[in-house]
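Presented below is the structure to which this report refers.
The values are calculated or read from the model by the stated rules, or taken from the named source; none is laboratory data. The shown structure was predicted, so the numbers you read here are calculated from the model rather than taken from an experiment. Cβ sites come from the backbone with ideal geometry, for glycine too, and all protein chains shown count toward neighbours.
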Amino acid sequence: MKILVTGGTGYIGSHTAVELQNKGYEVLILDNLSNSTADVADKIGLITGKKPDFENVDLCDKASLHGYFRKNKDIEAVIHFAAFKAVGESVEKPLMYYMNNVTGMINLLDEMLKNNIANIVYSSSCTVYGEADKLPVSEESPVKKAESPYGFTKQIGEQMLTDISKVNDFHSVILRYFNPAGAHDSSLIGELPSGIPNNLVPYITQTAIGKREVLTVNGNDYDTPDGTNIRDYIHVVDLAKAHISALERMLSKKSEEKSEIFNLGTGRGNSVMEVINAFEEATGIKVNYRIGPRRSGDVVSIYSDTERANKILGWKAERDLKNMMLTSWNWQKAIN
Ligand code: WQD
């Protein structure tokens, strides 16, 4: 069965491609390589024994996308990752984010409808919950006004899918990721850094290896036990596996609604200091850090209610923070 993975050479996309192939699916990858490299497809091949079909196509290039779907008629479902994902950059370049994330997705959905491809798994984000009123956040928690253009593009994507499902034979699973971390055990794929990392874990590993001088902890005066922000870090391989569960539920027609939503987290919240400590314990390496001011736009705490994903998808995150730190560190050493 052929599954198209957009953004399949990216961080979560590449790990999902591996899990799909491990389960016997034939994987087709589309990626414009804006934040990844073509050799990731080779690396996926090294891990699974079969290189996925890869084409460099930009979802915003309507003509190329149309040609691609004309050529590949027997796609059963799409897993849609391809998008820009840097919150801060989206504030600086809003139109770039709306064009890429929204226009690209519109073009993709248009081709899917025209070609009678009725199943999609969509990468969304816990960012849609904003500063939640109640923790942990369940899928019923209200979606708050987006704090960034990036967050808004994820909300628009979700809304497009639910609207399309109302009037078409079209099925979607919306996955709201918490904070992905870690890398594949092989250290052949992981998160490729582009410039100075925004996210905590790549910043920690780059500081530990000497690429960055010091990690700044963005505030320690929050209303949390140690004063630093709390997030739900989830291993990227666990996250990848959830996509297979979601896909299989949809394809076997077990979905109760045409558009379903699941949170993907571990249910555990860890503070920034706990993550740094976990890294130090897992690797034996001290991280040079200093306490800095708060980062604007950061919510104080967020972690996931995992009951729905556990019960309905039959999926549970298995790896702990230590494993995320170890595999991230091995990946950092491999790419240095
Ligand atoms: C985690 C914590 C920082 C860097 C973002 C997106 C979200 C989702 C995941 C995709 C925060 C602190 C960080 C540093 C630090 N992505 N930190 N020093 O902001 O929770 O979530 O990625 O959808 O939508 O917003 O992740 O890794 O940037 O930050 O102290 O150098 O680490 O302030 O408390 P975030 P993050």
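Could you tell me whether the stretch 3-21 includes any residue that is at pLDDT 95 or above and surrounded by fewer than 15 Cβ atoms within 10 Å (Cβ to Cβ)? Within the stretch 3-21, not a single residue is at pLDDT 95 or above and surrounded by fewer than 15 Cβ atoms within 10 Å (Cβ to Cβ). Candidates in the stretch 242-274 are the residues that are crowded, with 22+ Cβ neighbours inside 10 Å and part of a helix (DSSP H, G or I); of these, the one that is nearest to the ligand (Cβ to nearest atom) is Val272.
Given the condition away from the ligand (no atom under 15 Å from the Cβ), among the small types (Gly, Ala, Ser), under 28 Å from Ala77 (Cβ atoms) and touching a strand residue (DSSP E or B) at 6+ places or on another chain (Cβ under 7 Å), answer yes or no: does some residue in the stretch 291-311 qualify? Lay out the reasoning, then the answer.
Taking the stretch 291-311 first, the residues away from the ligand (no atom under 15 Å from the Cβ) are 305-311.
With among the small types (Gly, Ala, Ser) added as a condition, the list becomes 309.
Of the ones still in play, those that are also under 28 Å from Ala77 (Cβ atoms) are 309.
After this cut, where a residue has to be touching a strand residue (DSSP E or B) at 6+ places or on another chain (Cβ under 7 Å) as well, the list is 309.
Within the stretch 291-311 (the criterion being away from the ligand (no atom under 15 Å from the Cβ), among the small types (Gly, Ala, Ser), under 28 Å from Ala77 (Cβ atoms) and touching a strand residue (DSSP E or B) at 6+ places or on another chain (Cβ under 7 Å)), the answer is yes, since at least one residue qualifies.
Cβ separations smaller than 9 Å between residues 6+ apart or across chains give the following pairs from the stretch 189-203 residues that are of a type outside the set (Lys, Arg) to residues that are within 7 Å of the ligand (Cβ to nearest atom) and part of a helix (DSSP H, G or I): Glu191/Val201; Ile196/Tyr203; Pro197/Tyr203; Asn198/Val87; Leu200/Val272.
Scan the strands (runs of 3 or more DSSP E) fully inside the stretch 171-222 and keep the ones with 3 or more residues being more than 9 Å from the ligand (Cβ to nearest atom). Give the derivation first.
Working: elements: 171-177, 179-181, 215-218.
In the stretch 171-222, 171-177 are the strands (runs of 3 or more DSSP E) which contain 3 or more residues that are more than 9 Å from the ligand (Cβ to nearest atom).
Taken over the stretch 66-108, the residue count meeting the criterion of being under 15 Å from Ser124 (Cβ atoms) and at pLDDT below 95 is 1. Within the stretch 45-84, the set of residues being more than 23 Å from His171 (Cβ to Cβ) and touching a strand residue (DSSP E or B) at 6+ places or on another chain (Cβ under 8 Å) comprises Pro52, Asp53, Phe54, Glu55, Asn56, Val57.
The residue pairs whose first member lies in the stretch 111-125 and is under 13 Å from Ile164 (Cα atoms), whose second member is within 16 Å of the ligand (Cβ to nearest atom), and whose beta carbons are closer than 9 Å, counting only pairs six or more residues apart or on different chains, are Ile120/Ile79; Ile120/His80. Filtering Lys311, Lys333, Lys316, Lys322 for residues that are at pLDDT 95 or above, part of a loop (DSSP other than H, G, I, E, B) and surrounded by fewer than 16 Cβ atoms within 10 Å (Cβ to Cβ) leaves a single hit, Lys316.
One residue stands out among those in the stretch 150-170 that are over 17 Å from Phe81 (Cα atoms) and not charged (D, E, K, R): the one that is nearest to the ligand (Cβ to nearest atom), which is Thr162. Taking the stretch 43-149 as the region of interest, the helices (runs of 4 or more DSSP H) fully inside it that hold 3 or more residues being buried (at least 16 other Cβ atoms within 10 Å of the Cβ) and in contact with a Leu (Cβ under 7 Å, 6 or more places away or on another chain) are 104-114.
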